[in-house]
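Just below is one structure, and these are the notes that go with it.
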Amino acid sequence: TDYFTEDCIFRVGETDWPGHAGLRDHYAEDARAVLEYYEGGVRTVRHGLLNCRIQVQDTSSASVDLIFLNFSAGGKTPFTNSSAPTVVADTRLECVCDAQGQWRIREFHATPLFFGEDPYLNTVLAKM
């Protein structure tokens with residue numbers, strides 16, 4: 001939650017998780033699903049951000065458009081035969097600069113375009 005404002009909106013597809021409580025709920029859901037879907041309750045995830053375009057509106061607001069790549073698999077590394085991302089999403093961040101000069105995300109909007117072979121993500125994202 002450190003990177004987000006208190007009143008943030010975290011949206012993936014048509015599903016919203018509002019505020020820090022929503023973020024905590026989202027990641028608690030992830031943790032429960034890891035235990036359910038992955039042997040040994042282990043999932044390795046890496047995110048890649050491509051084609052980042054930053055637009056500064058003024059001294060306290062900016063937008064970031066990017067392509068978000070999610071690579072994930074159940075179990076421990078290294079993984080073989082795993083070259084495709086598990087999610088590719090067009091993503092927009094609306095950011096604000098607070099009184100202490102710290103930039104934070106006020107709105108996170110991700111629109112998934114492609115799904116790979118992650119059983120949890122395919123189950124959850126299909127609902128969004």
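The values are calculated or read from the model by the stated rules, or taken from the named source; none is laboratory data. The structure presented is a predicted model; accordingly, all values stated were derived computationally and were not measured. When we count neighbours, we look across all protein chains shown, and the Cβ atoms used for this are built from the backbone with ideal geometry, even at glycine. Just the protein is used for accessible areas: all its heavy atoms, side chains included, with ligands, DNA and RNA removed. Shrake-Rupley method; radii C 1.70, N 1.55, O 1.52, S 1.80 Å.
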remark   = Once normalised by the length of the range 1-75, the mean sequence separation of its alpha carbon contacts under 8 Å that are 6 or more apart gives a contact order in percent of 23 percent
Mean Cβ count within 10 Å, highest first, over the residues of peptides 53-59, 19-25 = 19-25, 53-59
message = Give me the percent of accessible area attributable to carbon and sulfur for the range 23-82, probe 1.4 angstrom.
response = 53 percent
request  = May I ask you to evaluate 6.51 cos²θ - 1.76 cosθ + 1.60, the Karplus curve with θ = phi - 60°, for each residue of the range 31-40 and list the ³J(HN,Hα) values in order in whole Hz, giving x for glycine and proline?
outcome  = 4, 5, 5, 4, 5, 7, 9, 10, 4, x
task = Kindly write out, for the range 100-112 in residue order, the coupling ³J(HN,Hα) from the Karplus curve 6.51 cos²θ - 1.76 cosθ + 1.60 (θ = phi - 60°), rounded to whole Hz, with x marking Gly and Pro.
result = 8, x, 9, 7, 9, 8, 8, 9, 10, 10, 10, 10, x
request  = Using Kirkwood radius over Cα pairs in Å as the read-out, say which of [x] 17.1; [y] 14.8; [z] 15.8 was calculated from these coordinates.
outcome  = [z]
message = Using the Cα centre of the chain as origin and beta-carbon charges of +1 (Lys, Arg) and -1 (Asp, Glu), tell me which of L66, Y37, V96 is placed farthest towards the positive end of the dipole.
response = Y37
ask   = Taking Cα centroids, how far is the range 80-120 from the range 1-36 in Å?
value = 12 Å
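When the helices in the chain are scored as -39500 (n - 2.57) per DSSP H run of 4 or longer and the sum is shared across all residues, what 222 nm value do you end up with, to the nearest 500 deg cm²/dmol? Mind dumping the intermediate values first?
Working: 2 runs with 26 residues, N = 128.
So the calculated ellipticity at 222 nm is -6500 deg cm²/dmol.
Sort out the exposed loop chymotrypsin sites (Phe, Trp or Tyr not before Pro) in the chain (DSSP loop, at most 14 other Cβ within 10 Å) and tell me the longest stretch that has none. Working shown, then result.
Details: sites that count: Y3, F79.
Result, exposed sites excluded: 4-78.
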